[in-house]
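The values are calculated or read from the model by the stated rules, or taken from the named source; none is laboratory data. As the structure is a prediction and not an experimental result, all values here were calculated from the model. Here the Cβ is made from the backbone with ideal geometry for all residues, glycine too, and neighbour counts use every protein chain on show. Keep in mind that these areas ignore ligands, DNA and RNA; they rest on the heavy atoms of the full protein, side chains included. Shrake-Rupley method; radii C 1.70, N 1.55, O 1.52, S 1.80 Å.
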Amino acid sequence: MKKREQLLPRVLKIVPEVKQGLSRSIIITTIYEAVKLIPVILIKLLVDSVVEASSTLSLVGWIIVGMFGVYLFSNIFDHYSDKWAHKQLLTYETNILKKAQKKLLELHMGYHEKHNTGLHVSKINRGASKLTELIWFVFNEFIPTIIQLILTSILLLYEEWTIAVVFFVFSSLIFIIINNTAKKVQPLRKIYLKKHEEAFGEMSQSLQNIGTVKDYAQENKEYRIYSNLLTQYKNASVKRNNYEMNKVFLRDFIINLGRIVTLLLASFFVLNGKVSPGSLILIYTLYEKAFISVFRLGKIYTHVGDSIESIHRLSDLLDKRVLIKDKKEPVRAKKLEGKIEFRNVSFSYTKKLQILRNINLTIEPKKVIALVGKSGGGKSSIIKLLMRQYDVTSGAVLVDGVDVKDYHSEDFRKRVAIVSQNVEIFNRSLKENIAFSKPKASLAEIKRAAKLAHAHEFIKEFPQKYNTMVGKNGVKLSGGQKQRLSIARALLSKPDILIFDEATSSLDSASERLIQKAIFSIAGKTTMILIAHRLSTIEHADEIIVLGKKKILEQGNYRQLLRKKGIFYEMVSLQKMRG
Ligand SMILES: Nc1ncnc2c1ncn2[C@@H]1O[C@H](COP(=O)(O)OP(=O)(O)OP(=O)(O)O)[C@@H](O)[C@H]1O
Ligand SMILES: [Mg+2]
């Protein structure tokens, strides 16, 4: 596996906006933390003034007023900075989410066909929330804590250097413990994160395929798989926590030891008259503050460790290269003539298996072409190349004499429509589903397309007609209804190239005939490619291409091919025999 970049550069690549806030935050925090130390010093003065009989009441009063002023300042500062931070974090989080969605939409089909959607959603969600949490931690904990630690250490050193030395010795011990713990915990953390992800992957898979789970009565098995993974997650997490807790115990013991040594030393100094009673309080308070800082830094360490993996995963996704993209100055085409050429095209999805070899094919504009061949022969793949969902391995696909790679892809895809084998329906209204190809279409236009696709008949039966919501993946529609909806969608945009990939396979013979009639009624207006298994549906095509063994085996119109008594003839005879 490729070695990952460091976390910080990756974070800054995802949210470069953070950089701007960093120096400002350091300056503001330094001032704020310095102001927060004033009461600590004031307490020392207060104690010493109270102890000394000579001090006046007004001095004590001023000290208290000063303290009140600082507290008030802190309150106001916290109030505004919390508000600002909340807004800022939400901006970061939404920006990350938008970036991820943009990336996913840009990524080529090949990527999406390989990866599970549910996993993406969890990866993006977790990555975005962990990253914003981390940013929050850096600004609200890490920077203030470091600054606090520096300021208190300086003050402690100034006030009583021997105590400062005690502090440095004990805090070094603590850092060693924290560092060791983090190293030991990392592998355990990886295990439980992985189990957690697997459990959620399983859960979403069971729900995505809930119909099959229920059909085969596999609810218990699915539940067991999920619950086993959760148990493994729990065990790994408990193991990690126990380990950490043991170290926390040791750490706290060392802090307490440090407290006692400090108190002993400071009391000794007071008794000897080396420092004042006020100083004892100041020293002790500084010591506590400094140790709290060390303690907080330890927590940040753990927190960063917890987030690192999720952030890296999100970053891996954002770094994915988009393989299919427009060139610098693409050819803009508002309209296509519709001539299609495959020039010596070879193609494979993976290095191991070639799908198409040296395909040469010319489709004249406005012709109706049928593509036939056995299942898995590469028909849909040819269409994917034409739509530039994939790039050819060698050769070229040209439309109107221009390589499809050279077109502005948005322009190009607007002029080509496909009714694909796997109809994709959005959980939106029927109207919106049809208008997907032309969002600005009027209702009249939508209806016209629906009528042509014979979808209007079933749509008007729904109480809410075109406003009916169709459910997840169009569950409220039958297979044939979905196909008709998809045909209406393709017809609406009046494309220059129209592709039907098994577009009527779910329809009964009568409906199929009706739609075939509708399809052929627009013949001559656009270039059409029909992919069909039922050969009777392509009788009227201008040309039939028989695909097999990675290449074109036969080519001609229906009658010519029958007369040839070759493969096509055999296919037709076989279908006729089966009725
Ligand atoms: N995304 C993919 N990744 C890897 N291999 C793929 C992918 N899509 C299709 N294939 C393989 O490519 C070959 C051709 O598939 P294709 O979908 O083009 O066939 P088809 O002629 O349309 O078949 P059918 O008539 O069943 O729809 C098949 O062997 C298939 O396994
Ligand atoms: Mg296919």
Problem set entry | Complete set of residues in segment 383-412 that are part of a strand (DSSP E or B) and either of a type in the set (Phe, Trp, Tyr) or in contact (Cβ under 8 Å) with a residue 24 or more places away in the chain (or both) | Ser394, Gly395, Ala396, Val397, Leu398, Val399, Val402, Tyr407
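Quick check on Leu131: is it among the aliphatic types (A, V, I, L, M), assigned by TED's automatic domain parsing to the domain that holds Asp78 and open to solvent by less than 30 Å² (accessible area, probe 1.4 Å)?
For Leu131, the condition - among the aliphatic types (A, V, I, L, M), assigned by TED's automatic domain parsing to the domain that holds Asp78 and open to solvent by less than 30 Å² (accessible area, probe 1.4 Å) - is met.
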Exercise. Do we have any residue at all in segment 499-511 that's out of contact with any Phe, Trp or Tyr (no Cβ under 7 Å at 6 or more places or on another chain), open to solvent by less than 10 Å² (accessible area, probe 1.4 Å) and either assigned to a helix (DSSP H, G or I) or closer than 23 Å to Leu443 by Cα (or both)?
Worked result: no
Problem set entry | Answer residue from segment 338-352, given it is modelled with pLDDT of 90 or more and farther than 20 Å from Gln555 by Cα and is farthest from ligand 2 (Cβ to nearest atom) among those | Ser348
For this session: Could you please give the count of residues in segment 199-225 that are buried (at least 17 other Cβ atoms within 10 Å of the Cβ) and within 18 Å of Arg126 (Cβ to Cβ)?
Result: 5
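Tell me whether segment 546-568 contains one or more residues that are part of a helix (DSSP H, G or I) and in contact (Cβ under 8 Å) with a residue 40 or more places away in the chain.
Going through segment 546-568, the residues part of a helix (DSSP H, G or I) turn out to be 558-564, 567-568.
Adding the requirement that they be in contact (Cβ under 8 Å) with a residue 40 or more places away in the chain leaves 568.
Among the residues of segment 546-568, at least one is part of a helix (DSSP H, G or I) and in contact (Cβ under 8 Å) with a residue 40 or more places away in the chain, which makes the answer yes.
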Problem set entry | Elements of type helices (runs of 4 or more DSSP H) in segment 66-183, at least 1 residues being over 25 Å from Ser293 (Cβ atoms) | 109-114, 117-137
Problem set entry | Complete set of residues in segment 362-382 that are part of a loop (DSSP other than H, G, I, E, B), near ligand 1 (Cβ under 8 Å from one of its atoms) and within 18 Å of Arg343 (Cα to Cα) | Gly378
For this session: Run down Gly378, Gly395, Gly373 and say which single residue is in contact with a strand residue (DSSP E or B) (Cβ under 7 Å, 6 or more places away or on another chain), open to solvent by 10 Å² or more (accessible area, probe 1.4 Å) and not assigned by TED's automatic domain parsing to the domain that holds Gly110.
Result: Gly395
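Taking segment 499-532 on its own, how many of its residues are within 16 Å of ligand 1 (Cβ to nearest atom), of a type outside the set (D, E, K, R) and modelled with pLDDT of 85 or more? Give the steps one after another, and end with the answer.
Just the residues of segment 499-532 that are within 16 Å of ligand 1 (Cβ to nearest atom), to begin with: 499-506, 529-532.
Narrowing the set further to residues that are of a type outside the set (D, E, K, R) leaves 499-500, 503-506, 529-532.
Narrowing further to those that are modelled with pLDDT of 85 or more: 499-500, 529-532.
Number satisfying all stated conditions: 6.
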Problem set entry | Residue that is open to solvent by 50 Å² or more (accessible area, probe 1.4 Å), under 33 Å from the mean Cα position of the chain (by Cα) and touching a residue at least 24 places away in the same chain (Cβ under 8 Å), where the choices are Lys472, Lys476 | Lys472
For this session: Could you list all residues from segment 321-345 that are open to solvent by 80 Å² or more (accessible area, probe 1.4 Å) and under 29 Å from the mean Cα position of the chain (by Cα)?
Result: Arg321, Leu323, Lys325, Lys327, Lys328
